[in-house]
1. Filter the stretch 1-51 for residues that are hydroxyl-bearing (Ser, Thr, Tyr) and at pLDDT 95 or above and give the result.
2. Just to be sure, is ASP19 over 22 Å from ARG108 (Cα atoms) and charged (D, E, K, R)?
3. Tell me, please, whether a residue that is under 26 Å from ARG22 (Cβ atoms), surrounded by 14 or more Cβ atoms within 10 Å (Cβ to Cβ), modelled with pLDDT of 95 or more and among the basic types (Lys, Arg) can be found in the stretch 96-109.
4. On the basis of being among the charged types (D, E, K, R) and surrounded by fewer than 18 Cβ atoms within 10 Å (Cβ to Cβ), does ASP86 make the cut?
5. Select from the stretch 33-53 the residues that are within 17 Å of SER14 (Cα to Cα) and not β-branched (Val, Ile, Thr) and list them in ascending order.
6. Could you look through the stretch 19-59, keep only residues that are surrounded by 11 or more Cβ atoms within 10 Å (Cβ to Cβ) and touching a Lys or Arg at 6+ places or on another chain (Cβ under 9 Å), and pick out the one that is nearest to SER75 (Cα to Cα)?
7. For the stretch 57-106, which positions are touching a Leu at 6+ places or on another chain (Cβ under 8 Å), among the hydroxyl-bearing types (Ser, Thr, Tyr) and free of Cβ contacts under 8 Å to residues at least 40 places away in the same chain?
Amino acid sequence: MVNLDTHILVFALSGTVTDRERRVLAANTWSMSAIVFWELAKLVQLGRIEIDLDDAEVGRLFSGIHVWPLDLDVSVQSTRLDFRGDPADELIAATSVVHKVPLLTRDRRIRSSRMVPFA
């Protein structure tokens with residue numbers, strides 16, 4: 001299983017992943033933090049991405065992805081990371097730490113962490 005950050009999910013949906021990312025995605029079950037849904041909705045609202053979140057096909061695609069909840073353990077861990085980012089990035093990274101699932105991300109700030117397991 002691999003935990004996807006928001007941008008990797010967007011890249012995967014648009015087919016713009018790197019060869020390495022494609023191999024990781026093909027070899028693993030996808031998962032994501034629940035906060036990714038909110039980030040997607042905000043990116044659509046801001047006009048940064050075009051995804052019809054009301055489309056039934058999009059809903060079916062998302063139903064095949066394991067969604068990690070935002071619970072107390074993840075919330076607390078997000079305050080104990082060895083990097084600072086926006087709150088959503090911290091929650092996504094904390095999800096990987098708490099659930100011991102490697103994170104697939106291009107985010108340099110997150111990738112500087114020695115605590116987060118990476119794919």
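1. If we filter the stretch 1-51 for residues that are hydroxyl-bearing (Ser, Thr, Tyr), which is where we start, we get 6, 14, 16, 18, 29, 31, 33.
Within the stretch 1-51, THR6, THR16, THR18, THR29, SER31, SER33 meet the criteria.
2. Considered against the rule, which asks whether it is over 22 Å from ARG108 (Cα atoms) and charged (D, E, K, R), ASP19 comes out as no.
3. Within the stretch 96-109 (the criterion being under 26 Å from ARG22 (Cβ atoms), surrounded by 14 or more Cβ atoms within 10 Å (Cβ to Cβ), modelled with pLDDT of 95 or more and among the basic types (Lys, Arg)), the answer is yes, since at least one residue qualifies.
4. On the way: among the charged types (D, E, K, R): yes; surrounded by fewer than 18 Cβ atoms within 10 Å (Cβ to Cβ): yes.
Judged against the criteria, ASP86 is a match.
5. Those that are within 17 Å of SER14 (Cα to Cα) and not β-branched (Val, Ile, Thr): PHE37, GLU39, LEU40, ALA41, LEU43, GLY47, ARG48, GLU50, ASP52, LEU53.
6. LYS42
7. SER75, SER78
The values are calculated or read from the model by the stated rules, or taken from the named source; none is laboratory data. Here the structure is a predicted model, which is why all the values come from computation and not from measurement. So basically every Cβ, Gly included, is an ideal-geometry build from the backbone, and we count neighbours across all protein chains shown.
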